[in-house]
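Working notes, beginning with the structure itself.
The values are calculated or read from the model by the stated rules, or taken from the named source; none is laboratory data. Remember, it's a predicted structure, so these values are computed and weren't measured experimentally. When we count neighbours, we look across all protein chains shown, and the Cβ atoms used for this are built from the backbone with ideal geometry, even at glycine. Surface areas here come from the heavy atoms of the whole protein model, side chains and all, with no ligands, DNA or RNA. Shrake-Rupley method; radii C 1.70, N 1.55, O 1.52, S 1.80 Å.
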Amino acid sequence: MEKSPLITKKKTRITSLYYLLLALVLSGACSGPSATPPEPVMPIPHERQLEWQDMEFYAFAHFNMNTFTNREWGMGDEDPALFNPTDFDPSQWAKICREAGMKGIILTAKHHDGFCLWPTETTSHSVKNATWKDGKGDIVREVSEAFRAEGLKFGVYLSPWDRNHPDYGKPEYIDVFRQQLRELLTNYGEIFEVWFDGANGGTGYYGGANEERRVDKKSYYDWATTIDLIRELQPNAVIFGDAGPDVRWVGNEHGFAYETTWSNLMRDSVYGGMPEYAKVYAPGQENGTHWVPAEADVSIRPGWYYHPYEDHKVKSLPQLLDIYYHSIGRNSSLLLNFPIDRRGLIHENDQAQLMKLVHKIREDFSVPLPLDKASITATSTLGKGYEVSAILEEKGHYWAAAEGTIAATIQLEFPDPVRFNRFLVQENIELGQRIKAFDVEIRTEEGSWTPLASGTTVGFKRILRLPDTETTAIRFAITDAKASPTVQHLAFYLAPKLLLPPSINRDKSGMVSLKAPEEGLEIWYTLDGSDPAQQGKRYTEPFPVLDPTAIRVLSKDPGTGEISEVALKALQLARKDWTVLGDGEQSEHLIDEDPTTNYFTDTDRVSIDLGKSYALTGFTYFPMQNRYLSGLITRYAFAVSEDGRQWTQVSEGEFGNIVNSPIEQRVTFPTVTGRYIQLRALDKLDDNPASYAELGILIGNP
Ligand code: FUL
């Protein structure tokens, strides 16, 4: 049975040993010795990196002082007493992670604000002075123990930048930093990864100095000595940083690796926090000198830390799936962050989204093509022990082309037509990353070969999402490689379609466009209140909707006939004839039906000419959706007018909880006729200009 990429490969070493013995027995007993193994192509991974590579998917937890101050970066002057989770339970985190098939967790033991989650000897800015457990608690201990109890690994994030410590920027601080590492790497059992952030130096509290301190990122930390210390204390831990030395940053915080991702890095040209890192070095280099594979770090919410106002902004299933396929599917590991909440728990919304991702991924990889029934051939084989049948196994045997061969093709012929839409391939990275370019081709009914997809690097794992394809023969054609290629594993799957309803968008002119969550799905809709599963019209291109109505939409898998749930959206009057009065720069953003663009104004009101009179029954205010909120209206007055001069106030009130939950606000009032509308900001979140993503009206009762 095939394993999904989320299912553990813990037994790797044992399995390799088993296959090795099996290979020895078979080769000895049957017919002579195996061929000489291929020469490794440098660089190659260290044993600790191979162990790490098998983990693939693990958690990040941002939980620290910022959780209680509602910030992303603290200044370092926060009162330690503020740290006070009400319901801290790391076994809840560990159970969730285990159920999700994650292999471990990395905890922010100290973030840039310098607050330590363990009772360190190095500073009083720690849990020792927290309200939590009267200063007797140790978050690092409890989290590490809870994860080990579930059979998961534990790692630490220790920020090199410390905005609390009086000595930051001076040589003395480096001793403090190393002492903190020593404590973490001595007192909490086996550590699988030590994570160093590239963000370093800037303004801070620094023991009361309240100044800006810049450091020379290349030399200040003397990383070589720190790395020696880590190797001495935790020889099996991988060290993460821009420059590795063992695992590197993927170069963005979206969780996306690159189409071409090498595990090789020009490591000696990189230092932590270098400005050009993301652009120049993050994808790795074909001729990189050291093996430093990529790790994609991304938060399940917009922020790394918990903010109540992001409770409704947990990433959607299509977003999380993109992250999965763009990280693990592109030769990178996935470090998925949970902003632990003020209770000290993974929030229910985050857990729900994580489990949706995990169920879908398990589903995607649950129906492999029966390669054992296929006849599999290769245009080149190194010799005995490296036969192409080895690609059926995930570990142990592997296929290798003859030395000196660059282009080689593996062909699979099936007795009956097969259907698939996912392709997975792995190199034997123990011999170095070699493949530079490949094609996937299928045989048509007429018997000719036609390309289905192409790619560049493979590395530890490459997964392609493909259109549903039916054929009786497939070719994996390696067209370029650094040296004779190897393939550890190859597989095809038929993933069920992501049957979520399509997204609905309308522009200012009233044109409605619908988008299915995945290619290959049909979209059906109605505008008259009827069920799109029964009376729906097939969507082919954008269409205009000018008057208020409700649209109902669904996605349909034409292959199986299955349909998604129905999504319903009330469409208000199209805004094509509207004008914002008094203008102001970018006033169009107020009425462009795009909540990602904002309008800001220093005045306390905005007025709109609707083009003609309507019987109005309410209005909508869509607040800005930015990560950092400003100018949100918290109390309002709404007025209408027939001539744009004489105004009648029809509603006044507050937008309750808008700061914590900045979703669209909808206010209704008794019907009133008017051509002009005006929203006044009576109170705001702050003194910044009032901000608006959208302002709309309600007519009748759609
Ligand atoms: C960044 C930090 O500055 C963020 O706060 C967060 O910890 C992220 C993982 O790394 O560089």
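Checking the stretch 205-217 against the condition returns a match, with at least one residue being crowded, with 18+ Cβ neighbours inside 10 Å and in a helix (DSSP H, G or I). With respect to the conditions (1) under 15 Å from the mean Cα position of the chain (by Cα); (2) crowded, with 22+ Cβ neighbours inside 10 Å; (3) not hydrophobic (A, V, I, L, M, F, W, C), GLN353 lacks only one, and its number is (2). In the stretch 162-204, of all residues being part of a loop (DSSP other than H, G, I, E, B), of a type in the set (D, E, K, R) and under 26 Å from GLY251 (Cβ atoms), the one that is nearest to the ligand (Cβ to nearest atom) corresponds to ASP197.
Here GLY207 meets each of (1) at pLDDT 95 or above; (2) more than 27 Å from THR67 (Cα to Cα) with one exception, condition (2). Within the set ILE361, ILE340, ILE346, the sole residue that is within 16 Å of the ligand (Cβ to nearest atom) and modelled with pLDDT of 95 or more turns out to be ILE340. Counting residues in the stretch 231-240 that are within 16 Å of the ligand (Cβ to nearest atom) and out of contact with any Pro (no Cβ under 8 Å at 6 or more places or on another chain) gives one or more. Does ALA199 satisfy being at pLDDT below 95, buried (at least 18 other Cβ atoms within 10 Å of the Cβ) and not polar (S, T, N, Q)? The answer is no for ALA199.
Return the pair list, or none, for Cβ contacts closer than 7 Å from residues in the stretch 294-316 that are under 30 Å from GLN433 (Cα atoms) to residues that are among the β-branched types (Val, Ile, Thr) and more than 16 Å from the ligand (Cβ to nearest atom), at least 6 apart or on different chains. That search, which allows pairs on different chains as well, returns ALA294/THR261. Quick one: would you say ASP162 is acidic (Asp, Glu) and touching a helix residue (DSSP H, G or I) at 6+ places or on another chain (Cβ under 9 Å)? It is true that ASP162 is acidic (Asp, Glu) and touching a helix residue (DSSP H, G or I) at 6+ places or on another chain (Cβ under 9 Å). Can you confirm whether the stretch 129-138 contains a residue that is surrounded by 24 or more Cβ atoms within 10 Å (Cβ to Cβ), under 18 Å from TYR157 (Cβ atoms) and either modelled with pLDDT of 95 or more or within 28 Å of the chain's Cα centre (by Cα) (or both)? Checked against the condition, which is being surrounded by 24 or more Cβ atoms within 10 Å (Cβ to Cβ), under 18 Å from TYR157 (Cβ atoms) and either modelled with pLDDT of 95 or more or within 28 Å of the chain's Cα centre (by Cα) (or both), the stretch 129-138 yields no hits at all. The strands (runs of 3 or more DSSP E) found entirely in the stretch 583-702 that carry 2 or more residues being of a type in the set (Asp, Glu) and open to solvent by 70 Å² or more (accessible area, probe 1.4 Å) are 648-654. Can you tell me how many residues within the stretch 261-297 are hydrophobic (A, V, I, L, M, F, W, C), more than 19 Å from ALA224 (Cα to Cα) and either buried (at least 23 other Cβ atoms within 10 Å of the Cβ) or in the same structural domain as GLU430 (by TED's automatic domain parsing) (or both)? Number satisfying all stated conditions: 3. The single condition among (1) within 16 Å of the ligand (Cβ to nearest atom); (2) farther than 30 Å from SER484 by Cα; (3) not hydroxyl-bearing (Ser, Thr, Tyr) that LEU334 does not meet is (2). Kindly establish whether VAL358 is touching a residue at least 12 places away in the same chain (Cβ under 8 Å) and not assigned by TED's automatic domain parsing to the domain that holds ASP480. Yes: the conditions hold for VAL358.
Would you call LYS170 under 26 Å from ASP268 (Cα atoms) and modelled with pLDDT under 95? Show your work before the answer.
On the way: under 26 Å from ASP268 (Cα atoms): yes; modelled with pLDDT under 95: no.
No: the conditions fail for LYS170.
Name the residue, out of PHE115, PHE83, that is closer than 23 Å to GLU183 by Cα, hydrophobic (A, V, I, L, M, F, W, C) and within 16 Å of the ligand (Cβ to nearest atom). First the steps, then the outcome.
Numbers: PHE83 fails: within 16 Å of the ligand (Cβ to nearest atom).
Answer to the check: PHE115.
Just one of the listed residues (GLU363, GLU403, GLU393) is surrounded by fewer than 16 Cβ atoms within 10 Å (Cβ to Cβ), over 30 Å from THR479 (Cα atoms) and of a type in the set (Asp, Glu), namely GLU363.
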